[in-house]
Structure formats: structure tokens, C-alpha cells
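*Asks:* Below is one structure. I have some questions about it.
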Amino acid sequence: MKRSRWLVVGWSRQRALLMRIICFGAHPDDCEIFAGGTAALWSDAGHQVKFVSTTNGDIGHWQQAGGPLAQRRLAEVQAAARILGNEVQVLDIHDGEILPTLENRRTITRLIRQWQADIVISHRPNDYHPDHRYTAILVQDAAYMVTVPFFCPDTPALSKNPVFLYASDNFQKPTPFQPDVVVPIDRVMDRKRDALAEIVSQFIEGGCGGGPDDLPRDGADLQARQAQLKQGWFRQRNANIANRFRDQLIELCGEEPGQPSKSANTAAGRQTMNCGRCSRWKKRNRTYRTYRTYNAVWFFG
Ligand SMILES: [Zn+2]
């Protein structure tokens, strides 16, 4: 069985070249959800990670909107970034209104070039939300152009095309997500949960789908809701991803059959893997993030 296909992210400084990674999410919470743990691992290993929200999130709440909400959401992802170790930028484009225009293609191209990116991560283009779809299209459209010198000549073109990655999702049509890279994030899972808990407007107050019952009554109530979320949905969401790609985990870990331990606390969203090939993984709780890889050259044939 080929094992080289599966990569663990989080190499030490001494063992790997330092990389520059840029992630594009449509809203100020998307990158944190789909790459927050991986960003923390990369950051710890000395790599440089930047999260870009392509819209400012200014309609992403049931009670607030406009400039004040955009400012609030910027502050939320800045707080999350301090925990995860990434840089953050929020583009001043209205939430719900980003389009795959030439102007926006230039913006994305410039950002990838300015960051001198080795890796670019974004949504897949088959997604329920138009902002996610068009952000994905914009990143795809930039994926080749970042190397073309006379496209946006005001920003020097990259001499080497980055690796472009899709974040995992559950969409089935036209093609279901298939991972090429699996990333265990157990070591930083608590930090990821802490970071997501900073994004109160979305994960506590419900974003645009919330209501009065989602508003914390006071500081103590807010803390209680955050604690509940960390042990509930945040944990379960990543555990579901790990369980969905358990076969790839076993392939990464080795050829010995790995079986979830019956003693695993599955209700809490974790399982214990027993692996004969890789003792450092034995009987440790692990959670995984997965990505569908595409190389821009392959993508454009
Ligand atoms: Zn979003």
C-alpha cells in the first residue's frame, strides 16, 4: 500500500522547509472552521499562515448588520488569530454580494502573490452558499494567473505555482469530496475550540439564523454557552470528519488494521485508535482534518 500520498502537517522547524500558507474563506469564520487546527499546527512549526475572509460578514446576524457588525466580526477573527497564530485580513466586500469579477480575480491574485504562498486553501465551488461558491471560483481563476507576469503586472508574479487545496465538505454533487491529505489536529484541538468560541456572533448568537434565545444574558451566561459549545458541537464536528475518513487515517498510520477501541468515548466525539505500526499513535485520542488536493497545473489540464 502506498503511504507517501498521506501527509502529516506539523513538522518541526528542523525537519521541513518553512512554508507560507494562505486560506480564503467567504466569511469571517470559514477559514477558522476549515483550517483552524491546521493553522495552529503550522504556526507552531514556524510556518506563516494567513486567513483571508473575502467578504466582511456584514449581514451575518439576525439582529445586527452593516458597519458595526463588520467591525465586530473583524475583531472576532482577530481574537481567534491570536490563539491560532495566523495573520488575518477581511476584505471590504459586502456579505452575500461577492461575484467572480475580473476585479476580484485580480484582488485574489495579488493577495496570493504578496503572501508568496506555497499553499492555498479554499472552498470547493459546489457549495450551498453563493459567497463560498464564488470565492472558490475566484481562487480557481487565480490559480494559474498567479504565475502569469503580465496579469496584474503591478504585483510580481510567482515563479512557482503554489499547491491549491480544497477544504473538506459534505456536498455530494457533482462530485463528493475525496481527501488527498489528512491532518491530525488533536494536539491543538483545545486551541481550535477556544478560537472558535471567540466568534460569538456566529457560534453563540446564531449568526443570521439565530434569535433572541441565543443572546447571552450576561458574561457568566456567555461563558457557560461557550463551554457548552466547546464540549458539544465543536468537538463533534471534527470527530465526524475523523470518523468519515477513518480509512485514510489507518493508511497514514500504517498497514496494520486499526480498530476503534470499545472504550472510546464516542459520545464525546473521540475514538481511540490501536495501531501496531505506529506506537506514538497508540491509544491516543485523535481528530483529523482532511483536504482535497488539486494542483493548479492539473486542474487546468
Ligand atoms: Zn461562510
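*Asks:* Consider Ile112 carefully, then state whether it is touching a strand residue (DSSP E or B) at 6+ places or on another chain (Cβ under 7 Å), surrounded by 18 or more Cβ atoms within 10 Å (Cβ to Cβ) and in contact (Cβ under 8 Å) with a residue 24 or more places away in the chain.
*Replies:* Values: touching a strand residue (DSSP E or B) at 6+ places or on another chain (Cβ under 7 Å): yes; surrounded by 18 or more Cβ atoms within 10 Å (Cβ to Cβ): yes; in contact (Cβ under 8 Å) with a residue 24 or more places away in the chain: yes.
Yes, satisfied.
*Asks:* Condition test on Thr109, is it of a type outside the set (A, V, I, L, M, F, W, C) and under 17 Å from Ile21 (Cα atoms)?
*Replies:* Working: of a type outside the set (A, V, I, L, M, F, W, C): yes; under 17 Å from Ile21 (Cα atoms): yes.
Considered against the rule, which asks whether it is of a type outside the set (A, V, I, L, M, F, W, C) and under 17 Å from Ile21 (Cα atoms), Thr109 comes out as yes.
*Asks:* Being outside any loop (DSSP other than H, G, I, E, B) and either among the basic types (Lys, Arg) or out of contact with any helix residue (DSSP H, G or I) (no Cβ under 8 Å at 6 or more places or on another chain) (or both) is the filter; apply it to the stretch 121-133 and report the residue that is nearest to the ligand (Cβ to nearest atom). Spell out how you get there, then give the answer.
*Replies:* Our first condition is that a residue be outside any loop (DSSP other than H, G, I, E, B); within the stretch 121-133, this holds for 121-122, 130-133.
If we keep only those that are either among the basic types (Lys, Arg) or out of contact with any helix residue (DSSP H, G or I) (no Cβ under 8 Å at 6 or more places or on another chain) (or both) too, we end up with 130-131, 133.
Working: Pro130: 10, Asp131: 6, Arg133: 11 Å.
My answer is Asp131.
*Asks:* Need a quick list: helices (runs of 4 or more DSSP H) entirely within the stretch 190-301 having at least 1 residues that are loosely packed, with under 14 Cβ neighbours inside 10 Å, modelled with pLDDT of 95 or more and of a type in the set (Gly, Ala, Ser). Step through it out loud before you land on a result.
*Replies:* Working: elements: 200-203, 219-231, 233-244, 246-253, 296-299.
The helices (runs of 4 or more DSSP H) meeting that bar are 219-231.
*Asks:* Could we say that Ala40 is of a type in the set (Gly, Ala, Ser) and more than 16 Å from the chain's Cα centre (by Cα) here? Walk me through it before giving the result.
*Replies:* Working: of a type in the set (Gly, Ala, Ser): yes; more than 16 Å from the chain's Cα centre (by Cα): no.
Judged against the criteria, Ala40 is not a match.
*Asks:* As an exercise: evaluate Pro156 against (1) surrounded by 15 or more Cβ atoms within 10 Å (Cβ to Cβ); (2) touching a residue at least 40 places away in the same chain (Cβ under 8 Å) and give the number of the one condition it does not meet.
*Replies:* Tallying (1) surrounded by 15 or more Cβ atoms within 10 Å (Cβ to Cβ); (2) touching a residue at least 40 places away in the same chain (Cβ under 8 Å), Pro156 fails exactly one: (1).
*Asks:* Also: Pairs only if they're at least six apart or on different chains, beta carbon under 6 angstrom, first in the stretch 17-38 and in contact (Cβ under 8 Å) with a residue 60 or more places away in the chain and within 24 Å of Glu205 (Cβ to Cβ), second of a type in the set (Ser, Thr, Tyr) and away from the ligand (no atom under 13 Å from the Cβ); list them, first residue then second.
*Replies:* If the second residue must be of a type in the set (Ser, Thr, Tyr) and away from the ligand (no atom under 13 Å from the Cβ), no pairs are left.
The values are calculated or read from the model by the stated rules, or taken from the named source; none is laboratory data. These numbers were taken from a predicted model, which means no experiment stands behind them. With ideal geometry, Cβ positions are generated from the backbone for all residues, glycine too; neighbour counts draw on all protein chains shown.
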